[in-house]
Structure formats: structure tokens, C-alpha cells
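A.B. asks: This is the structure I have questions about; it appears just below.
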Amino acid sequence: HSSSEGFLKCLKAPEDKVIIGSDISSLEPHVLAHFSRDAGYLKIYHKEAAPNCIYLYLAALSPIHGSLFEGVYDPNLGGREAVKAAKEQFADIRQRYKVCVLALAYEGTYVALGRMFRKFGMSVPEEELHKLVKLFKATFPGLPQFRDRLQWEWRQNNGYVITGRGRPQVIPRDKLDDAIAYFTQATGHDYVLRWQYHINTIRRERKIACHPYMPDRHD
């Protein structure tokens with residue numbers, strides 16, 4: 001797995017060099033909010049919203065864990081300090097809802113959610129899986145329509161959709177149910193490459209030496 005500790009340890013700089021890395025916070029949720037126009041995503045990620053975390057947001061709305069966040073984090077207010085405190089205090093719960101968001105935004109079934117939990121070594125009762133699916137669908141109701149729109153575009157184009165940066169992205173026929181994942185991850189990748197193009201332009205203008213680098217270690 002590209003983000004595993006073992007993989008990262010393989011990357012070593014020469015003695016007189018350093019490796020510079022960066023990470024774009026919540027890139028894919030931002031992409032999904034902008035292009036799906038889902039009301040739940042936009043509430044968290046519109047340009048005037050206070051800093052927030054979609055994983056904590058869903059956890060705090062949950063009838064399973066929501067009461068734990070009282071006095072620490074209000075999902076409707078967010079805020080940098082509240083998010084930071086909740087991340088520190090509820091790291092395990094946040095991880096659970098991160099799995100939930102990633103699984104359900106892209107595939108949308110409790111079977112997919114259970115499979116994702118098992119992948120991360122978590123055992124979650126089936127009854128709780130159904131509750132999480134119901135919560136997610138109520139909180140982010142616009143995603144099915146977005147998936148339908150992408151599938152319609154795929155059929156119109158005979159096998160591809162257009163990413164947010166205007167690039168054709170092929171989706172295999174047997175992966176059409178994953179259209180949101182293909183679109184969102186491809187668009188995120190395109191934006192990262194655009195950002196790195198600007199960084200590289202600035203580097204050349206300021207004559208900052210740089211060896212070839214890994215442009216996008218995207219998962």
C-alpha cells in the first residue's frame with residue numbers, strides 16, 4: 001500500500017539532499033463537494049465554511065457515537081481548534097467514520113462498508129453497518145444522483161467521463177458502479193499535477209535546483 005510505513009521507508013535522500021513532501025488536506029471530499037453539489041458535502045466544504053472534517057462530522061451526527069462529542073466538537077460549527085481537539089480525543093472513532101465515508105461515497109452498500117472495515121482490521125456488527133449506511137445516505141443524499149449523471153455521461157461517450165480538469169477518464173464496463181470513485185480520484189490527481197506544475201514553474205523562476213521527483217503518490 002502506497003501510504004504504508006514500509007513503503008515510505010524505501011524513500012531515502014542522498015546525504016547532501018532532502019526529500020520534500022506535501023499533502024493536500026481532504027482533496028477528494030473537496031472535489032466531490034464541488035462537482036456533485038451534494039448539500040451535505042457543501043455544508044462542510046463550501047468556501048465560507050469554517051474548517052471542518054467530514055469524518056468527525058458524520059461521527060458527531062451518529063446515534064451510535066454522537067453523544068461523545070458534546071462539549072468538544074459541534075459538527076454544524078466546526079472550527080480549527082474544535083476539529084483538532086476531536087481528532088486527538090477521538091482518533092479511533094474518526095478512523096471508523098473515515099472508512100465509512102470512503103466506502104459509502106464510492107460504492108454505497110453495507111456489503112462494501114463491511115468489506116472496507118475488514119480490510120482495516122475492524123470488526124463491526126451487521127446491525128451497526130446498516131445504521132451507518134442509513135446515516136450516510138440521509139446526510140449526503142445527492143450522491144446517487146451524481147452517480148447516475150456520471151453513468152449517463154459514460155453511456156453518451158461510449159466508455160468514458162470527463163474529469164473536473166477536462167480530461168477523458170475511461171471506466172471499464174464492469175466498474176461502472178464505481179463511477180464516483182473513478183471521477184473523484186482522477187480529478188484529484190489532475191489537480192495535484194496542476195498544482196505541481198505551478199510549484200515547478202516557481203522553482204525554475206527562482207533557480208532552485210531539484211532532482212526528478214515522484215509527481216503524485218496517489219492512492
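A.B. asks: Based solely on its DSSP helices, what 222 nm [θ] is calculated for the chain when runs of n ≥ 4 H residues each add -39,500 (n - 2.57) and the sum is averaged over all residues, nearest 500 deg cm²/dmol?
C.D. replies: Helix-only estimate at 222 nm: -17000 deg cm²/dmol.
A.B. asks: Could you pull out the longest piece of the chain with no exposed loop GluC sites (Glu not before Pro) in it, calling a site exposed if DSSP puts it outside H, G, I, E, B and it has at most 13 other Cβ atoms within 10 Å?
C.D. replies: 71-219
A.B. asks: Are any of the pairs 98/137; 43/134; 84/131; 43/84; 84/134 more than 21 Å apart by Cα-Cα distance, and if so, which?
C.D. replies: The pairs that break the limit, which is 21 Å between Cα atoms, are 84/131; 84/134.
A.B. asks: Can you give the longest stretch of the chain with no exposed loop site, where a site means trypsin sites (Lys or Arg not before Pro) in a DSSP loop (not H, G, I, E or B) with at most 15 other C-beta atoms within 10 Å?
C.D. replies: Of all site-free stretches, the longest is 48-164.
A.B. asks: If each residue of separation counts as 0.36 nm, what is the full-extension length gain between residue 34 and residue 165 once their alpha-carbon separation is subtracted?
C.D. replies: Length gained, residue 34 through residue 165: 45.9 nm.
A.B. asks: When each pair of different Cα atoms in the chain is counted once in the 1/r mean, what is the Kirkwood radius in angstroms, to one decimal?
C.D. replies: Every distinct Cα pair counted, the radius reaches 19.4 Å.
A.B. asks: Averaged per residue, what accessible surface does the stretch 1-110 expose to a 1.4 Å probe, in Å²?
C.D. replies: Computed with neighbouring chains in place, this is 60 Å² per residue.
A.B. asks: Evaluate the relative contact order of the stretch 33-136 (contact order divided by residue number), counting alpha-carbon pairs under 8 angstrom at least 6 apart; express in whole percent.
C.D. replies: 21
A.B. asks: Need the full-extension length gain, residue 88 to residue 200, defined as separation in residues times 0.36 nm minus the C-alpha distance. One decimal, nm.
C.D. replies: 36.8 nm
A.B. asks: Another question, then. Of the chain, which part is the longest with no chymotrypsin sites (Phe, Trp or Tyr not before Pro) in a loop (DSSP not H, G, I, E, B) and with at most 14 other C-beta atoms within 10 angstrom?
C.D. replies: With chymotrypsin sites (Phe, Trp or Tyr not before Pro) excluded where exposed in loops, the chain gives 1-119 as its longest stretch.
A.B. asks: Let me make sure I get this right: for the stretch 19-84, a, b and c are the square roots of the gyration tensor eigenvalues over alpha carbons, sorted descending. Under 1.5 in a/c it's rounded, otherwise prolate if a/b > b/c, else oblate. Which is it?
C.D. replies: Oblate is the answer for the stretch 19-84, as a/c is 1.5 or above yet b/c matches or exceeds a/b.
A.B. asks: At a 1.4 Å probe radius, carbon and sulfur cover how many percent of the accessible area of the chain?
C.D. replies: 53
A.B. asks: Compute a Gaussian network model of the chain, connecting alpha carbons closer than 10 Å, and tell me which residue from 19, 64, 54 fluctuates the most.
C.D. replies: 19
A.B. asks: Okay, moving on. With a probe of 1.4 Å, find how much accessible area the stretch 138-212 has per residue, and write the answer as a whole number in Å².
C.D. replies: Averaged over the residues of the stretch 138-212, the accessible area is 64 Å².
A.B. asks: Right, another one. Might you report the magnitude of the Cβ-based charge dipole of the stretch 73-216 about its Cα centre, with Lys and Arg at +1 and Asp and Glu at -1, to the nearest 20 debye?
C.D. replies: 520
A.B. asks: What relative contact order, as a whole-number percentage, does the stretch 103-219 give when Cα pairs under 8 Å and 6 or more residues apart are counted?
C.D. replies: The normalised contact order for the stretch 103-219 reaches 19 percent.
A.B. asks: For the stretch 144-211, what's the relative contact order in percent, using C-alpha pairs closer than 8 Å and at least 6 residues apart?
C.D. replies: Computed value for the stretch 144-211: 24 percent relative contact order.
The values are calculated or read from the model by the stated rules, or taken from the named source; none is laboratory data. On a predicted model such as this, the values are computed, not experimentally measured, just so you know. We place every Cβ from the backbone using ideal geometry, glycine too, and count neighbours over all the protein chains shown. Side chains are part of the model used for accessible areas, which takes the heavy atoms of the whole protein and leaves out ligands, DNA and RNA. Shrake-Rupley method; radii C 1.70, N 1.55, O 1.52, S 1.80 Å.
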